[in-house]
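Trainee: Dumping the structure here so I can ask a few things about it.
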Amino acid sequence: MSRESTWTSVVTAVERWMDASGKSHVVAFSSDAGGVAIDSTDANSALAALIEAFRRHLHAHPELSGCEEKTAGSVVDVLHMLGFASDEIRTEVGGGHGVVVEISGNGDGNGDGDSDGEDFGIRGDMDALPITEATGLAFSSQVDGVMHACGHDVHTAALVGVAALLRAAAVGSGLPFDAVLLFQPSEEAGYGSLELIDGGALDGVSYVVGGHVDYHYPVGTVVMQDGAVNASSDAFAITIEGAGGHGARPHEALDTVVVGAHVVTALQTIASRVIDPASPVVVTVGSFHAGTKGNIIAGTAELAGTLRTRAPDARAHARTAVDAIATGVAASFGATAVVTWDEPGTPPVVNCARLASAIRDVLAAAPWLDAVTPSMGYVNMGAEDFGCYGERVPVAFARYGCAASADAVASAAPAHTAGFCPAAGTAAVAARWLASAAYAVSQLQPSS
């Protein structure tokens, strides 16, 4: 599908939403309604159509980390069509393609016509992956070798849906909180959240909510778990120096392939012997390069890997262990090893239990959800740079089911593969969830 054809669908959908939502005060927030309520069948359908049309537009025209210029431009264009003024939208935040939207609340539910002044951040990421799509969708990627294989098209479209809901509430029944929408670039590169933070996007923000599609659950199921939901991610490289030689005379050389093999094996003891067994840790060496020919002993070996943990103290301990083991094992052979880290890495995403509980309590009443569960049911060692927000303010990060049905979970293609395809309707659920989660947090009394 061409950019023009997918964009025409977006424009038509926005016009329908604006017509449906402008007829009366159709969007309101209340705990009894499970957060956000849309008091019009036509408006509800129009919102879902808007979100899905924009998701398909983004999916057909993906952009890699750091290259999200057209994606950000499309976001801004839709926001203008939804009624946002230019002074409510910041672009190129942090020097990249980040877009930040500030929406002022005009009612806290107490009848005094004003929100309490706290800003609630709501985040969606925008970048795609270097994968050639093989889904066969009518709106498949039109960009060779680039695909939305991690659902960020869903996340961005959902956040546009949040913008539509909050704008409709603000001009209608009243918006009971101040919101900052964070359209974030470069999540896959691990630095997009830091770009927004450095650009002042969190200034004055008290909490941030977000989420990610998850093929382990069907559409309509959302997980809001206390504590860790994503692991940290630290990329490392190890350079081992020995002495090359003839393959027939290893005693005259210092074989870095042998040294490297021992390093790889020894690194696995970090999980089994260094870190508390109750704290998950993964050390993967995914790249090992040495030598040029079978009968030449390699004098240099290059290893690269990733370290994943779910607790800050375990992360620090494990990083120290990687350094010590690599250098120590190499030294035991008479070789040297230098470990370098791709800084700063991403910290684990750790949900604030107080926020997560409040969100579950409110969203349990949402009629548009099938289930709100407090546990993922598995230990997720995938990383997310959303954790950078959590190092600064309390956060709550959800998992949105994106399998077409419960029966489809087992056969669903996983994220970061050419066949990954969140089901239609996922983004609409995510949008209502995000808006409702921000409302639920806004109703919390300040902690003493």
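The values are calculated or read from the model by the stated rules, or taken from the named source; none is laboratory data. Please read all numbers here as calculations on a predicted model, not as lab measurements. Neighbour counts are summed over all protein chains in view; Cβ atoms, including those assigned to glycine, are modelled from backbone coordinates with ideal geometry.
Trainee: Is segment 379-386 home to any residue that is surrounded by 15 or more Cβ atoms within 10 Å (Cβ to Cβ), touching a Pro at 6+ places or on another chain (Cβ under 9 Å) and among the aliphatic types (A, V, I, L, M)?
Mentor: Yes: one or more hits.
Trainee: Any chance segment 368-375 includes a residue that's of a type in the set (D, E, K, R), at pLDDT 95 or above and assigned to a helix (DSSP H, G or I)? Talk me through it step by step, then tell me what you get.
Mentor: Initial filter on segment 368-375 (of a type in the set (D, E, K, R)): 370.
Filter once more, keeping what is at pLDDT 95 or above: 370.
Keeping just the survivors that are assigned to a helix (DSSP H, G or I) gives none.
Scanning segment 368-375, I find no residue that is of a type in the set (D, E, K, R), at pLDDT 95 or above and assigned to a helix (DSSP H, G or I), so the answer is no.
Trainee: In segment 413-448, which residues are of a type in the set (Val, Ile, Thr) and not in a loop (DSSP other than H, G, I, E, B)? Reasoning before the result, please.
Mentor: Restricting attention to segment 413-448, the residues satisfying the condition of being of a type in the set (Val, Ile, Thr) are 417, 426, 429, 441.
THR426, VAL429, VAL441 - these are the residues of segment 413-448 that are of a type in the set (Val, Ile, Thr) and not in a loop (DSSP other than H, G, I, E, B).
Trainee: Within segment 38-45, identify whether any single residue is within 27 Å of the chain's Cα centre (by Cα) and part of a helix (DSSP H, G or I), and answer yes or no.
Mentor: Scanning segment 38-45 turns up at least one residue that is within 27 Å of the chain's Cα centre (by Cα) and part of a helix (DSSP H, G or I).
Trainee: With the structure loaded, tell me whether TYR400 is out of contact with any Lys or Arg (no Cβ under 6 Å at 6 or more places or on another chain), surrounded by 17 or more Cβ atoms within 10 Å (Cβ to Cβ), touching a residue at least 12 places away in the same chain (Cβ under 8 Å) and within 30 Å of SER442 (Cα to Cα) or whether it fails that test. Full working, then the answer.
Mentor: Values: out of contact with any Lys or Arg (no Cβ under 6 Å at 6 or more places or on another chain): yes; surrounded by 17 or more Cβ atoms within 10 Å (Cβ to Cβ): yes; touching a residue at least 12 places away in the same chain (Cβ under 8 Å): yes; within 30 Å of SER442 (Cα to Cα): yes.
Yes; evaluated as a whole, the condition is true for this residue.
Trainee: Oh, and also: Restricting to segment 320-344, what's the tally of residues that are buried (at least 19 other Cβ atoms within 10 Å of the Cβ) and either of a type in the set (Phe, Trp, Tyr) or within 16 Å of ALA383 (Cα to Cα) (or both)?
Mentor: Residues that pass the stated criteria total 0.
Trainee: Next question. Does ALA337 satisfy the condition of being in a helix (DSSP H, G or I), in contact (Cβ under 8 Å) with a residue 24 or more places away in the chain, in the same structural domain as VAL257 (by TED's automatic domain parsing) and within 30 Å of ASP255 (Cα to Cα)? Write out each step before concluding.
Mentor: Details: in a helix (DSSP H, G or I): no; in contact (Cβ under 8 Å) with a residue 24 or more places away in the chain: yes; in the same structural domain as VAL257 (by TED's automatic domain parsing): yes; within 30 Å of ASP255 (Cα to Cα): yes.
When the stated conditions are applied, ALA337 does not pass them.
Trainee: Out of segment 16-37, which residues are of a type in the set (D, E, K, R) and outside any helix (DSSP H, G or I)?
Mentor: Step one: of segment 16-37, the residues of a type in the set (D, E, K, R) are 16, 19, 23, 32.
Listed by number, the residues that qualify are LYS23, ASP32.
Trainee: Take ALA316 and tell me if it is modelled with pLDDT of 95 or more and surrounded by 13 or more Cβ atoms within 10 Å (Cβ to Cβ).
Mentor: Numbers: modelled with pLDDT of 95 or more: yes; surrounded by 13 or more Cβ atoms within 10 Å (Cβ to Cβ): no.
Judged against the criteria, ALA316 is not a match.
Trainee: Now a separate question. Yes or no: segment 152-164 includes at least one residue that is within 17 Å of SER442 (Cβ to Cβ), surrounded by fewer than 24 Cβ atoms within 10 Å (Cβ to Cβ), aliphatic (A, V, I, L, M) and assigned by TED's automatic domain parsing to the domain that holds GLU102.
Mentor: No, every residue in segment 152-164 fails to be within 17 Å of SER442 (Cβ to Cβ), surrounded by fewer than 24 Cβ atoms within 10 Å (Cβ to Cβ), aliphatic (A, V, I, L, M) and assigned by TED's automatic domain parsing to the domain that holds GLU102.
Trainee: Might you check whether a residue that is assigned to a helix (DSSP H, G or I), aromatic (Phe, Trp, Tyr) and surrounded by 22 or more Cβ atoms within 10 Å (Cβ to Cβ) occurs anywhere in segment 50-57?
Mentor: So in segment 50-57, the residues assigned to a helix (DSSP H, G or I) come out as 50-57.
Restricting the remaining residues to those that are aromatic (Phe, Trp, Tyr) gives 54.
Subset that is surrounded by 22 or more Cβ atoms within 10 Å (Cβ to Cβ): 54.
There is at least one residue in segment 50-57 that is assigned to a helix (DSSP H, G or I), aromatic (Phe, Trp, Tyr) and surrounded by 22 or more Cβ atoms within 10 Å (Cβ to Cβ).
Per-residue answers, yes or no, for (1) more than 21 Å from GLU195 (Cα to Cα); (2) among the small types (Gly, Ala, Ser):
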residue	(1), (2)
ALA37	yes, yes
ASP42	yes, no
LEU47	yes, no
ILE51	yes, no
LEU58	yes, no
LEU64	no, no
SER74	no, yes
ALA85	yes, yes
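Trainee: I would also like to ask the following. Every residue in segment 251-285 that is loosely packed, with under 14 Cβ neighbours inside 10 Å and either among the basic types (Lys, Arg) or touching a strand residue (DSSP E or B) at 6+ places or on another chain (Cβ under 6 Å) (or both), please. So that I can check it myself, show each step before the final result.
Mentor: Looking only at segment 251-285, we keep the residues that are loosely packed, with under 14 Cβ neighbours inside 10 Å, and these are 251-252, 265, 269, 272-273, 276-278.
The answer is GLU252, ARG273.
Trainee: Got a number for residues in segment 266-279 being in a helix (DSSP H, G or I) and over 13 Å from SER332 (Cβ atoms)? First the steps, then the outcome.
Mentor: Keep residues of segment 266-279 that are in a helix (DSSP H, G or I), which gives 266-267, 269-274.
Filter once more, so that each one left must be over 13 Å from SER332 (Cβ atoms): 267, 269-274.
The qualifying residues number 7.
Trainee: Let me ask another. Quick one: which residue in ALA164, ALA170 is in a helix (DSSP H, G or I) and modelled with pLDDT under 95? Before you say what the answer is, go through the steps one by one.
Mentor: Numbers: ALA164 fails: modelled with pLDDT under 95.
After applying the criteria, what remains is ALA170.
Trainee: Given the structure, is GLY211 under 14 Å from the mean Cα position of the chain (by Cα) and either surrounded by 23 or more Cβ atoms within 10 Å (Cβ to Cβ) or over 29 Å from VAL285 (Cβ atoms) (or both)? Please lay out each step first, then the result.
Mentor: Values: under 14 Å from the mean Cα position of the chain (by Cα): yes; either surrounded by 23 or more Cβ atoms within 10 Å (Cβ to Cβ) or over 29 Å from VAL285 (Cβ atoms) (or both): yes.
Spelling it out, GLY211 is indeed under 14 Å from the mean Cα position of the chain (by Cα) and either surrounded by 23 or more Cβ atoms within 10 Å (Cβ to Cβ) or over 29 Å from VAL285 (Cβ atoms) (or both).
Trainee: Let me ask another. Counting only residues that are hydrophobic (A, V, I, L, M, F, W, C) and within 30 Å of the chain's Cα centre (by Cα), how many does segment 296-319 have?
Mentor: We begin by selecting, within segment 296-319, every residue hydrophobic (A, V, I, L, M, F, W, C); these are 296-298, 301, 303-304, 307, 311, 314, 316, 318.
Subsequent filtering for residues that are within 30 Å of the chain's Cα centre (by Cα) retains 303-304, 307, 311, 314, 316, 318.
Result for segment 296-319: 7.
Trainee: All but one of (1) farther than 19 Å from GLU391 by Cβ; (2) surrounded by fewer than 24 Cβ atoms within 10 Å (Cβ to Cβ); (3) not assigned by TED's automatic domain parsing to the domain that holds ALA253 hold for THR239, so report the exception by its number.
Mentor: With (1) farther than 19 Å from GLU391 by Cβ; (2) surrounded by fewer than 24 Cβ atoms within 10 Å (Cβ to Cβ); (3) not assigned by TED's automatic domain parsing to the domain that holds ALA253 applied to THR239, the lone miss is (3).
Trainee: Right, here's the next one. Go through segment 350-365 residue by residue and tally those that are buried (at least 20 other Cβ atoms within 10 Å of the Cβ) and over 17 Å from GLY227 (Cα atoms).
Mentor: Qualifying residue count for the region: 2.
Trainee: Pairs only if they're at least six apart or on different chains, beta carbon under 9 angstrom, first in segment 354-381 and without any contact (Cβ under 8 Å) to a residue 24 or more places away in the chain, second loosely packed, with under 15 Cβ neighbours inside 10 Å and outside any loop (DSSP other than H, G, I, E, B); list them, first residue then second.
Mentor: As it stands, the answer is none, since no pair meets every condition given.
Trainee: Residues that are more than 30 Å from CYS388 (Cβ to Cβ), surrounded by 16 or more Cβ atoms within 10 Å (Cβ to Cβ), of a type outside the set (Gly, Ala, Ser) and in contact (Cβ under 8 Å) with a residue 60 or more places away in the chain: does segment 291-312 have at least one? Give the steps one after another, and end with the answer.
Mentor: Residues of segment 291-312 that are more than 30 Å from CYS388 (Cβ to Cβ), as a first pass: 291-301.
From the residues that got through so far, the ones that are surrounded by 16 or more Cβ atoms within 10 Å (Cβ to Cβ) too are 291, 297-301.
Okay, now just the ones that are also of a type outside the set (Gly, Ala, Ser), so 297, 300.
Next, only the ones that are in contact (Cβ under 8 Å) with a residue 60 or more places away in the chain stay: 300.
So far as segment 291-312 goes, yes, one or more of its residues are more than 30 Å from CYS388 (Cβ to Cβ), surrounded by 16 or more Cβ atoms within 10 Å (Cβ to Cβ), of a type outside the set (Gly, Ala, Ser) and in contact (Cβ under 8 Å) with a residue 60 or more places away in the chain.
Trainee: Is it true that some residue in segment 387-397 is hydrophobic (A, V, I, L, M, F, W, C), surrounded by fewer than 19 Cβ atoms within 10 Å (Cβ to Cβ) and free of Cβ contacts under 8 Å to residues at least 24 places away in the same chain? Show your work before the answer.
Mentor: Within segment 387-397, the subset hydrophobic (A, V, I, L, M, F, W, C) is 388, 393, 395-397.
If we keep only those that are surrounded by fewer than 19 Cβ atoms within 10 Å (Cβ to Cβ) as well, we get 393.
Pick out the ones that are also free of Cβ contacts under 8 Å to residues at least 24 places away in the same chain and you get none.
There is no residue in segment 387-397 that is hydrophobic (A, V, I, L, M, F, W, C), surrounded by fewer than 19 Cβ atoms within 10 Å (Cβ to Cβ) and free of Cβ contacts under 8 Å to residues at least 24 places away in the same chain.
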